[in-house]
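Heads up: the structure comes next, in structure tokens.
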Amino acid sequence: MPELLGCVAEQALVDHHCHGVLYRDADRATLESMLNEGSGWPGGSVFDSQAGFAFRRLCPPVLGLPPHAELADYVIRRAELGANEVNQRFLVAAGLSALCVDTGFTPEAITSPAELGGLAGAAAHEIVRLERVAEDVVAAGIGADGFAEAVRSALATRTASAVGVKSIAAYRTGLDLGPERPSDPEVTAAAGRWLAALGAGSPRIADETLQRFLIWCGVDLGLPVQFHVGYGDSDVDLHRCNPLLLTPLLRAIQPTGVPVMLLHNYPFHREAGYLAQVFPHVYVDAGLATHNLGTRASTLLAEALELAPYGKFLYSSDAFGLPELYYLGAALFRTALSGFLAAGLQEDLFTERTVVRLTRMLCADNAKRAYGLGNQM
Ligand SMILES: [Zn+2]
């Protein structure tokens, strides 16, 4: 692995989009199912991939094994140490100073933001998922007539100590959302249609009017609004996740000054960079893709920073479940950033002082400023 610039190696990261990690041990099947957004198939392994080889090169040494250790040996060592020790080792090795944790996705028991912060030795903040709040309101028995008010009230309560909200409209309707704020009668009618169509099981919101309503509720709270964009699991229709589809809505939100954070973005990271350049309230990251692209993360970062202002790019891991993903995201981001800055030094584009300043911005200060974390750290 190339040696990092000193300032990049030493700089703690603010991870502005991430999730809890598993309490339980991860066996081979768990590693196979959680390494990336896909799943195994008969006779194959997800580890035969960019993410897999980055994992095998970088993760074993954190557990005291040589690089490239066999997965069978890795799983044995992981079980010997136990989930808590493994979680702590990788989270500490990621070198984080603060986390913004999305608490809306819990297919199984995972750590809370406070537990995650304790493991990482970092400040932990919550990001509230908008759809989850609306679904909880409906699960509690609220009907269409009371829906709008109940959601606003629940969101006010849930975000009292949160630093942002998140929309997963990308997973539900796609990003081709109208710009208008829906009126309460429109929300009531849409909620009525949604509730009438609900089957058994937990409610799942997927309605263009309601997604828009939730986003505007988030804007009204004055908190940064995160959007899932691009790359995700097979539940996403990727062709509906180009961030350019958000352009009319971004234009409508702009006068409020509320920051909009476009998450992941791959393979639309260049489009997202364009949006960050032309809209003062739009910020971008390359989370999730950074560790999935392995050695190509350097190209990803360089492409994301073609148009995105350097003051509008944030670090995120989008780690979920496996603490290894926190470490891989951080290590590959540092390698990519160090390479990007070293190339600039060599081309006499950056001075040493510029490199130090950009490192602070891209790793931590942009996120602190956008989320107002400054006073809490
Ligand atoms: Zn995520």
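The values are calculated or read from the model by the stated rules, or taken from the named source; none is laboratory data. Just so it is clear, the structure is predicted and the values come from calculations on it, not from any experiment. For neighbour counting, all protein chains shown are included, and Cβ atoms are generated from backbone atoms with ideal geometry for every residue, glycine included. For accessibility, only protein heavy atoms count, side chains too; no ligands or nucleic acids. Shrake-Rupley method; radii C 1.70, N 1.55, O 1.52, S 1.80 Å.
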Inset, instruction - Please work out which residue is surrounded by the fewest Cβ atoms within 10 Å (Cβ to Cβ), limiting yourself to the stretch 109-118 and to residues that are within 16 Å of the ligand (Cβ to nearest atom) and either at pLDDT below 95 or in a helix (DSSP H, G or I) (or both). - result: Pro113
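Evaluate the following for Arg334: is it over 18 Å from Asp15 (Cβ atoms) and either in a strand (DSSP E or B) or in contact (Cβ under 8 Å) with a residue 12 or more places away in the chain (or both)?
So Arg334 fails the test.
Quick check on my filter: what residues within the stretch 39-84 are in a loop (DSSP other than H, G, I, E, B) and either closer than 17 Å to Ala330 by Cβ or open to solvent by 40 Å² or more (accessible area, probe 1.4 Å) (or both)?
Of everything in the stretch 39-84, those that are in a loop (DSSP other than H, G, I, E, B) and either closer than 17 Å to Ala330 by Cβ or open to solvent by 40 Å² or more (accessible area, probe 1.4 Å) (or both) turn out to be Ser39, Gly40, Trp41, Pro42, Gly43, Asp48, Cys59, Gly64, Pro66, Pro67, His68, Glu70.
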Inset, instruction - Collect the residues in the stretch 285-310 that are assigned to a helix (DSSP H, G or I), more than 13 Å from the ligand (Cβ to nearest atom) and open to solvent by less than 20 Å² (accessible area, probe 1.4 Å), keeping them in residue-number order. - result: Gly294, Ala297, Leu300, Leu301, Ala304
Inset, instruction - Filter the stretch 159-171 down to residues that are over 17 Å from the mean Cα position of the chain (by Cα), buried (at least 21 other Cβ atoms within 10 Å of the Cβ) and of a type outside the set (Val, Ile, Thr), then give me how many there are. - result: 0
Inset, instruction - Name the residue, out of Ala79, Ala144, Ala134, that is in contact (Cβ under 8 Å) with a residue 40 or more places away in the chain and more than 30 Å from Gly218 (Cα to Cα). - result: Ala79
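Which residue, of Gly146, Gly121, is open to solvent by less than 60 Å² (accessible area, probe 1.4 Å) and out of contact with any Gly (no Cβ under 8 Å at 6 or more places or on another chain)?
Every option except Gly146 fails the conditions.
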Inset, instruction - Keeping to the stretch 85-108, report how many residues are part of a loop (DSSP other than H, G, I, E, B), within 16 Å of the ligand (Cβ to nearest atom) and either at positive phi or among the acidic types (Asp, Glu) (or both). - result: 1
Legend entry - Residue that is nearest to the ligand (Cβ to nearest atom) [pool: residues in the stretch 267-284 that are in a loop (DSSP other than H, G, I, E, B) and surrounded by fewer than 22 Cβ atoms within 10 Å (Cβ to Cβ)]: Pro267
Inset, instruction - Among the residues of the stretch 89-100, count how many are in contact with an Asp or Glu (Cβ under 6 Å, 6 or more places away or on another chain) and open to solvent by less than 10 Å² (accessible area, probe 1.4 Å). - result: 2
Inset, instruction - Determine which single condition Leu263 fails, assuming it passes every other condition in (1) surrounded by fewer than 24 Cβ atoms within 10 Å (Cβ to Cβ); (2) modelled with pLDDT of 95 or more. - result: (1)
Legend entry - Sole exception among (1) closer than 24 Å to Ala120 by Cα; (2) open to solvent by 30 Å² or more (accessible area, probe 1.4 Å) for Leu31, by number: (2)
Legend entry - Residue among Arg193, Arg212, Arg204, Arg181 that alone is touching a helix residue (DSSP H, G or I) at 6+ places or on another chain (Cβ under 6 Å) and not β-branched (Val, Ile, Thr): Arg181
Legend entry - Members of the stretch 237-259 that are surrounded by 20 or more Cβ atoms within 10 Å (Cβ to Cβ) and within 16 Å of the ligand (Cβ to nearest atom): Cys241, Pro243
Inset, instruction - Confirm whether Asp136 is surrounded by fewer than 22 Cβ atoms within 10 Å (Cβ to Cβ) and not polar (S, T, N, Q). - result: yes
Inset, instruction - Please state which of the following conditions Leu210 fails to meet, knowing it meets all the rest: (1) among the hydrophobic types (A, V, I, L, M, F, W, C); (2) touching a residue at least 60 places away in the same chain (Cβ under 8 Å); (3) open to solvent by 20 Å² or more (accessible area, probe 1.4 Å). - result: (3)
Legend entry - Residues of the stretch 351-375 classified as open to solvent by less than 20 Å² (accessible area, probe 1.4 Å) and either in contact with a helix residue (DSSP H, G or I) (Cβ under 9 Å, 6 or more places away or on another chain) or modelled with pLDDT under 95 (or both), total: 8
Inset, instruction - Mind listing whichever residues of the stretch 119-144 are small (Gly, Ala, Ser), touching a helix residue (DSSP H, G or I) at 6+ places or on another chain (Cβ under 9 Å) and in a helix (DSSP H, G or I)? - result: Ala120, Ala134, Ala144
